[in-house]
Amino acid sequence: MHKITLALITVFVILAFQTKAKAQPQIELVQSGNSLTAGKTDGVRYHYLFENERFTTPLQEVEFNGQGEGTFRFKRKDSDEIVNKLTVSSSLLSQIQILFDGLNFLSSNEDYQHKKDFSHLGTVTIGLGRGGKERVVKFNYTTNELMSEIRDLFQNIVTQETRVFELETARANDPLSTPAQMRILESELRSKHIADPQRFVSILQDLKLDESVPLITRNHAERLLQTIKKGK
């Protein structure tokens, strides 16, 4: 009986060892895949800052990494600074990267500031860090087409995140003001001042089912969802 028990224990140990040996490579493959994906965007940093003391919102800033994770910061006169989390879509990240690459931004020493000063328009600061290199430029007006596109794209992210903040704030604190926010959003969508319209899909889907907001808001949310779906 003792010999049989010993034999059974030996077989069990061998089987357990074989099972562990087979499972181990699968764990290593998963870890390796995650490491490779992260490596492509590690250390990447995008930064945009707009400043103009004459404006009601004298400071607007977005900053995010290669995965599109970052923050949106702004401050209005006589108000506290507000910082919200920001997630930039992969398609938007790709657009930004293509524009920076088109400028050869990190290796260039071009001064993007126009020879004439337009300081009344406010100061724009744009920065990129990648591959151990970092460059920051400032200007108030530029005629460089690619840099103008980068500035506009960043500003459209600001407009987009501002509208998200205003809409969600109105929904939570003043539902009767949501129709006005929807009209502004529609105008911004039609004028192409929203960087990524898909950002509003989940918000609008929630709004159209929210009975705490006016019916006009719910109906407008449905119309805007169709507009975004059609890509208009």
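For HIS120, HIS220, what's the fewest-to-most ordering of other Cβ within 10 Å of each Cβ? Mind showing how you got there, number by number?
Numbers: HIS120 9, HIS220 22.
Least crowded to most crowded, the residues run HIS120, HIS220.
Could you size up the charge dipole of the stretch 162-232 around its Cα centre, putting +1 on the beta carbon of Lys and Arg and -1 on that of Asp and Glu, and report it in debye to the nearest 20?
Numbers: 12 positive and 10 negative charges, 92 e Å.
Its charge dipole is roughly 440 debye.
Would you mind ranking MET182, MET147 by Cβ crowding within 10 Å, fewest neighbours first?
On the way: MET182 25, MET147 21.
Listed from fewest to most nearby Cβ atoms, that is MET147, MET182.
In the stretch 122-199, which trypsin sites (Lys or Arg not before Pro) fall in coil by DSSP and have 14 or fewer other Cβ atoms within 10 Å?
Values: sites: ARG130, LYS133, ARG135, LYS138, ARG151, ARG163, ARG171, ARG183, ARG190, LYS192, ARG199; in loops: LYS192.
Passing sites in the stretch 122-199 are LYS192.
Values in this text are rule-based calculations from the coordinates and carry no lab data. Just so it is clear, the structure is predicted and the values come from calculations on it, not from any experiment. Backbone-built Cβ (ideal geometry, glycine too); neighbour counts: all protein chains shown.
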